[in-house]
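Asker: The structure follows.
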Amino acid sequence: MIKIIKLILLIGIVSLIWFLFVLNIGNNAEQKSFIIKQGQGVNEISHNLKEVDLIKNKLVFETWLWFKKAEDSVKAGIYVMPADISIRQLSNLILTIPENQQQTFTIIEGWHRRWPQLITLLDEHNFTHQEFLDITNNKKDWATNYSFLEDAASSATLEGYLYPDTYFIDGSTSLETLVAKALNNFDKKLTADLRQEISRQGKTIFEIVTLASVVEREVSAATDKKMVADIFWKRIEAGIGLQSDATVNFVTGKGLAQPTYADLEIDSPYNTYKYRGLTPGPISNPSIETIEAVIYPTTNEYYYFLTTPEGEAIYSKTYDEHLQNKYKYLD
């Protein structure tokens with residue numbers, strides 16, 4: 001028994017010495033940049049660090065963060081990792097981000113310019129919401145540099161074109177620069193082939209983005225986006241109102257799965273229960289997946305759909321069937 005205890009103690013001492021050695025030895029790598037994105041967990045971060053040889057052992061890195069109770073304290077950003085940095089030094093670096101270190105600014109698909117979380121995000125980065133609205137309020141201020149804005153209505157804002165993605169900024173980044181990053185990203189995502197297809201269909205980029213912004217707020221699954229896009233195009237062609245709850249919520253600022261009767265009676269060109277055709281402009285900033293769904297919809301025989309509280313899309317061929325589904329899934 002004493003021999004077993006001694007063996008266990010010896011193994012423990014050797015393991016501790018090995019752990020401290022690996023923790024403090026340099027990685028023999030040259031200086032290089034490394035990106036940690038918002039929302040990445042320790043396992044993903046350690047995997048990426050190992051992939052680029054910034055750490056020699058994932059277990060030691062993860063165990064050290066666990067020991068420091070800092071697994072949830074890693075800061076997103078772009079880091080310049082010094083040459084021959086140790087795991088201990090690297091861990092301290094990503095837990096104590098410098099003031100001017102680049103940080104992330106994430107725009108989520110489906111957000112619009114007055115989205116509450118966006119307002120909070122702007123405030124966290126010392127931007128004012130009013131300044132953001134002023135900068136993005138007139139497409140004419142940006143159309144010279146971005147051809148995709150040319151066919152937008154003269155009164156259009158940048159709503160719909162602020163591409164949802166994660167952007168890296170630091171203390172010197174202006175709001176104009178951040179907006180330009182989002183527009184540059186949109187310009188890149190909307191490829192020449194997509195623009196050519198839009199033109200071939202006799203549509204405009206503005207029309208595509210406008211409908212995509214509605215689809216983005218209605219359904220989340222890629223297959224449903226293509227289905228709903230076809231339903232909306234058919235309704236427009238048939239002169240039937242889109243009757244999109246998302247457009248009503250855009251007017252009211254609410255997030256109701258089923259707007260009230262009073263909401264449906266609001267007199268606004270964005271209320272697609274009262275006015276037919278597309279809304280005057282986008283109601284959110286859609287992803288490229290949703291834009292492609294609107295360009296390449298899935299042909300189907302439905303004219304109605306609803307989304308359950310669980311997010312499932314239910315389709316109907318007739319209005320009577322649609323009412324039955326509303327009673328079954330929403331009432």
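The values are calculated or read from the model by the stated rules, or taken from the named source; none is laboratory data. Keep in mind that what you see is a predicted model, and the values were worked out from it rather than measured. Virtual Cβ from ideal backbone geometry, glycine too; neighbours counted across all protein chains shown. In case anyone asks, the SASA skips ligands and DNA or RNA and just uses the protein heavy atoms, side chains included. Shrake-Rupley method; radii C 1.70, N 1.55, O 1.52, S 1.80 Å.
Asker: Does at least one position in segment 227-235 carry a residue that is at pLDDT 95 or above and within 21 Å of the chain's Cα centre (by Cα)? Break it down into steps so the answer makes sense when it comes.
Answerer: From segment 227-235, those at pLDDT 95 or above are 227-235; that's our starting set.
Applying the additional criterion that residues be within 21 Å of the chain's Cα centre (by Cα) yields 228-229.
Looking through segment 227-235, at least one residue is at pLDDT 95 or above and within 21 Å of the chain's Cα centre (by Cα).
Asker: So, of the residues in segment 94-115 that are under 15 Å from the mean Cα position of the chain (by Cα) and under 30 Å from E62 (Cβ atoms), which turns out to be modelled with the lowest pLDDT?
Answerer: Looking at residues that are under 15 Å from the mean Cα position of the chain (by Cα) and under 30 Å from E62 (Cβ atoms), I get T104.
Asker: Does E321 qualify as being in a helix (DSSP H, G or I), farther than 27 Å from Q201 by Cα and modelled with pLDDT of 95 or more?
Answerer: For E321, the condition - in a helix (DSSP H, G or I), farther than 27 Å from Q201 by Cα and modelled with pLDDT of 95 or more - is met.
Asker: Let me ask something additional. Given segment 167-247, what helices (runs of 4 or more DSSP H) lie entirely inside it while holding 3 or more residues that are closer than 25 Å to N138 by Cβ, open to solvent by 40 Å² or more (accessible area, probe 1.4 Å) and out of contact with any Lys or Arg (no Cβ under 8 Å at 6 or more places or on another chain)?
Answerer: Correct list: 175-189.
Asker: Looking at E265 and the list (1) open to solvent by 80 Å² or more (accessible area, probe 1.4 Å); (2) in contact (Cβ under 8 Å) with a residue 40 or more places away in the chain, which single condition is not satisfied?
Answerer: Condition (2) is where E265 drops out.
Asker: Does T290 fit the bill of being polar (S, T, N, Q), surrounded by 13 or more Cβ atoms within 10 Å (Cβ to Cβ) and part of a helix (DSSP H, G or I)?
Answerer: Criteria met by T290.
Asker: Let me ask another. Take the residues of segment 9-34 that are part of a helix (DSSP H, G or I) and under 15 Å from K50 (Cα atoms): which is most open to solvent (accessible area, probe 1.4 Å)?
Answerer: That would be V22.
Asker: So which residues in segment 304-331 are of a type in the set (F, W, Y) and in contact with a Phe, Trp or Tyr (Cβ under 8 Å, 6 or more places away or on another chain)? Steps first, please.
Answerer: We begin by selecting, within segment 304-331, every residue of a type in the set (F, W, Y); these are 304-305, 315, 319, 327, 329.
Listed by number, the residues that qualify are Y304, F305, Y315, Y319.
Asker: Now for a different question. Taking into account only those residues within segment 152-166 that are in contact with a strand residue (DSSP E or B) (Cβ under 9 Å, 6 or more places away or on another chain) and not polar (S, T, N, Q), which is least open to solvent (accessible area, probe 1.4 Å)? Steps first, please.
Answerer: So the first thing to find is which residues in segment 152-166 are in contact with a strand residue (DSSP E or B) (Cβ under 9 Å, 6 or more places away or on another chain), and the list is 164-166.
Narrowing further to those that are not polar (S, T, N, Q): 164-165.
Values: P164: 11, D165: 57 Å².
The qualifying residue least open to solvent (accessible area, probe 1.4 Å) is P164.
Asker: Pull up segment 116-151, narrow it to residues that are within 21 Å of the chain's Cα centre (by Cα) and among the charged types (D, E, K, R), then point me to the one that is least open to solvent (accessible area, probe 1.4 Å).
Answerer: Only one residue tops the list, namely D123.
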